[in-house]
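Below you'll find the structure, written out as structure tokens, and then a few comments.
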Amino acid sequence: RFDKPVIIAELGVSGDEARQTERLVDAGEAMQQYPRLRAAAYFNAVNVPNSHMSFLPDWRISEGTFQSFLTAAQP
């Protein structure tokens, strides 16, 4: 309705590499449905301790998983 670009400010997938790749390829393919989407920032780090989680999710991904995501996100 506002005809403005959209940015995903923080994206991350924890788990083993197979799970991360599958989820990010799915996300990349889905992103193609949003023509105003211009960027996505991936949170490539281990979550810092906080009072909301009893564990520390590891969002880091491999270069191969990142490349799979980029390929899937291309129109």
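Points worth noting:
- Per-peptide average of other Cβ atoms within 10 Å, ordering 30-37, 66-73 highest first: 66-73, 30-37
- Label-to-label distance, nm, for residues given as Glu22 and Glu63 (7 Å Cα→Cβ offset): 2.6 nm
- Computed FRET value (nearest 0.05) for Gln74 with His52, which takes r as the C-beta separation and R₀ as 30 Å: 0.30
- Once backbone amide H atoms are built at 1.01 Å from N, Leu37 has Val6 as its partners under 5 Å, excluding neighbours fewer than 5 places away on the same chain.
- Taking 7 Å steps out from each Cα toward its Cβ at Arg1 and Gln32 produces label points 3.0 nm apart.
- Angle in degrees between helix 17-31 and the longest Cα principal axis of the chain, rounded to the nearest 10: 20 degrees
- Listed values (i) 39; (ii) 53; (iii) 46 include one computed from this model; for percent of Cα pairs over 16 Å apart that value carries the label (ii).
- Average Cα contact separation per residue, the chain, under 8 Å, 6 or more apart, as relative contact order %: 43 percent
- Principal-axis tilt of helix 63-73 within the chain, Cα atoms, nearest 10 degrees: 30 degrees
Values quoted throughout were computed directly from the atomic coordinates according to the rules given, and no laboratory measurement underlies them. As the structure is a computational prediction, the values presented were derived from the model and not from experiment. For neighbour counting, all protein chains shown are included, and Cβ atoms are generated from backbone atoms with ideal geometry for every residue, glycine included.
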